[in-house]
Amino acid sequence: MSIPGGIRVKLSLALLVIVGSALFAAYAIIVPSLERRLVAAKLDQQQSDAEILGIRFATEAAQNNLSLGDFVDAADFISNSRVVVFGVSGTPQQRTLLSLADSSAVGGSEIESDSTALEAAKTVRTVRARVRHDGREYAEVAVPLLTGGDVMLLSSSLSDQLATVALVKRRLLDATLAALLITLVLGFAVATLHARRLGRLQRAADLIAEGAFDEPVIDNDLDEVGQLAASFDRMRLQLAQLDRARKEFVANASHELRTPLFSIAGFLELLDDEDLDESTRMEFLATTRSQVDRLTNLATDLLDLSRMDAGRIRIEEEEVGLAEIARQVAEDFFALADASGHTLLVEVDEDAWAHADEERIQQIARALTGNALVHTPPGTTVRLRVEQRGSRVALAVEDNGPGIPAEHVERVFQRFYRVEGGQASGSGLGLAIARELAGRMGGTVTVSSRPGSTVFTLELAAEGAALRPPAPLSA
């Protein structure tokens, strides 16, 4: 069932119920306990008086100095109770009481049927009880007397004790009502304050849902709501970063696609010219084919990234010889190295075997080797090295080029990132894909660079070694 008024009403009612329940529990415990204690104290006092008076009764009877009328009057004054002395007759199972003396001026034959006195006469022991006569409650104590089997009854009204209990009840009820009223007011005020804070969080969430990430979520308190606000603000910053990355990705992808498309369109238009000689036409066709290859590679890279982001890329687990992969990749790039004036060398450890996906290792090695050949000047030596490192194996691509500026070293793995002043070939995705593929295979791709030496290293679990868990994908 929905309670109208929102969270402030719900919190106020919840606090009211909690405080009310606590006060009711206190009332239910304190009042009956107080009443029992007061009645017990009255009975204790009467029993003590009855025992003393019983001794006095026996003493005066032994001295033949006993006047029942004077005794009960004196006992009434001393104990502040009605005192009745009964004579007892009949069998132990069927006792009969006869009032011999009564301190009450009213008297009455009904006192001879008093249950407390009858019980004391039957059991010949002290009996105490809380009884009701004519709508009023009394504390009664009956004691058997030591002379002649008589019984003495002390009966006192509990009106003072019950009046005290009634006063406590009224005071507790008044305090309870006041506490509930204060609780309702304060609870509503505190709930309103929290509702306003939650309302600010709701508005912030609505802005984030609409794509507005500029307004910070601020709540300076250190309680749970403040921690929730801090979590919202961290989420806002992360979503803002993801949104910027998405926009940059779309812009960069659009640019990378547009450039070769414009180039292809231009060459196709030139090919329509009938005055072109055959050599120029073949040159234009070769350039067009290279742009088509560039588009194909870009589409492949974008498809790989989308599959990795969606978690749908498949990684095989098999034993792979890194030495053979290094030689094969070097053979594929010898022509490019020769054309660009680079020296390509291979140094391998034949025993270096990895537990990974052969096709993906080749893809990473091609990306690292192509990157070294394209982004270093002619005359640079590029070296492919394969080696064992304990329970790991490594495939490193090293060049002796000018190096990567320190501020760009870690950023080279970002999507579409290029070092300023670098050559504009490639999609800017190869290193990003290489690092994420390595992470999927439980490996790493790292870079170290200084003038005269830049090394990109793929490190994987060696054959038979336990795989590391896959690294989380970067945004």
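The values are calculated or read from the model by the stated rules, or taken from the named source; none is laboratory data. Small disclaimer: the values here were computed from a predicted structure and weren't measured. Don't worry about glycine lacking a Cβ; one is built from the backbone with ideal geometry, like all the others, and counts go over all protein chains shown. The protein model used for the area step is the full one, side chains on, heavy atoms only, and it has no ligands, DNA or RNA in it. Shrake-Rupley method; radii C 1.70, N 1.55, O 1.52, S 1.80 Å.
Among the residues of the stretch 124-151, which ones are without any contact (Cβ under 8 Å) to a residue 12 or more places away in the chain and outside any strand (DSSP E or B)?
If the condition is that a residue be without any contact (Cβ under 8 Å) to a residue 12 or more places away in the chain and outside any strand (DSSP E or B), then 134, 135 are the ones that fit.
Considering the stretch 272-284 alone, what residues qualify as being at pLDDT 70 or above, of a type in the set (A, V, I, L, M, F, W, C) and surrounded by 13 or more Cβ atoms within 10 Å (Cβ to Cβ)?
Scanning the stretch 272-284 gives a single hit, 284.
Out of 203, 197, I need the residue that is under 30 Å from residue 235 (Cα atoms), in a helix (DSSP H, G or I), open to solvent by less than 80 Å² (accessible area, probe 1.4 Å) and basic (Lys, Arg). Which one? I'd like the intermediate steps shown before the answer.
Numbers: 203 fails: open to solvent by less than 80 Å² (accessible area, probe 1.4 Å).
Selected residue: 197, the only one of 203, 197 that is under 30 Å from residue 235 (Cα atoms), in a helix (DSSP H, G or I), open to solvent by less than 80 Å² (accessible area, probe 1.4 Å) and basic (Lys, Arg).
When you scan the stretch 375-390, how many residues do you find that are under 20 Å from residue 431 (Cα atoms), under 51 Å from the mean Cα position of the chain (by Cα) and surrounded by fewer than 20 Cβ atoms within 10 Å (Cβ to Cβ)?
1
Just one of 317, 347 is acidic (Asp, Glu) and modelled with pLDDT of 90 or more; which is it?
Numbers: 317 fails: modelled with pLDDT of 90 or more.
Exactly one of 317, 347 is acidic (Asp, Glu) and modelled with pLDDT of 90 or more, namely 347.
Among the candidates 105, 62, 25, single out the residue that is hydrophobic (A, V, I, L, M, F, W, C) and open to solvent by less than 60 Å² (accessible area, probe 1.4 Å).
Criteria check complete, one pass: 25.
Can you find a residue in the stretch 168-185 that is at pLDDT below 90, out of contact with any Lys or Arg (no Cβ under 8 Å at 6 or more places or on another chain), open to solvent by 30 Å² or more (accessible area, probe 1.4 Å) and within 24 Å of residue 66 (Cα to Cα)?
Looking for residues that are at pLDDT below 90, out of contact with any Lys or Arg (no Cβ under 8 Å at 6 or more places or on another chain), open to solvent by 30 Å² or more (accessible area, probe 1.4 Å) and within 24 Å of residue 66 (Cα to Cα), one finds none in the stretch 168-185, hence no.
Determine whether the stretch 158-176 contains at least one residue that is outside any helix (DSSP H, G or I) and under 30 Å from residue 50 (Cα atoms). Reasoning before the result, please.
So in the stretch 158-176, the residues outside any helix (DSSP H, G or I) come out as 158.
Add one more test, that the residue is under 30 Å from residue 50 (Cα atoms), and what stays is 158.
Yes.
Consider residue 319 against the criteria (1) over 52 Å from the mean Cα position of the chain (by Cα); (2) over 21 Å from residue 432 (Cα atoms); (3) not hydroxyl-bearing (Ser, Thr, Tyr); (4) not in a loop (DSSP other than H, G, I, E, B): it satisfies all of them except one. Which criterion is unmet?
Going through the list (1) over 52 Å from the mean Cα position of the chain (by Cα); (2) over 21 Å from residue 432 (Cα atoms); (3) not hydroxyl-bearing (Ser, Thr, Tyr); (4) not in a loop (DSSP other than H, G, I, E, B), residue 319 breaks only (1).
Every residue in the stretch 410-446 that is over 24 Å from residue 247 (Cβ atoms), at pLDDT 80 or above and open to solvent by 20 Å² or more (accessible area, probe 1.4 Å), please.
Residues satisfying the conditions are 440, 444, 446.
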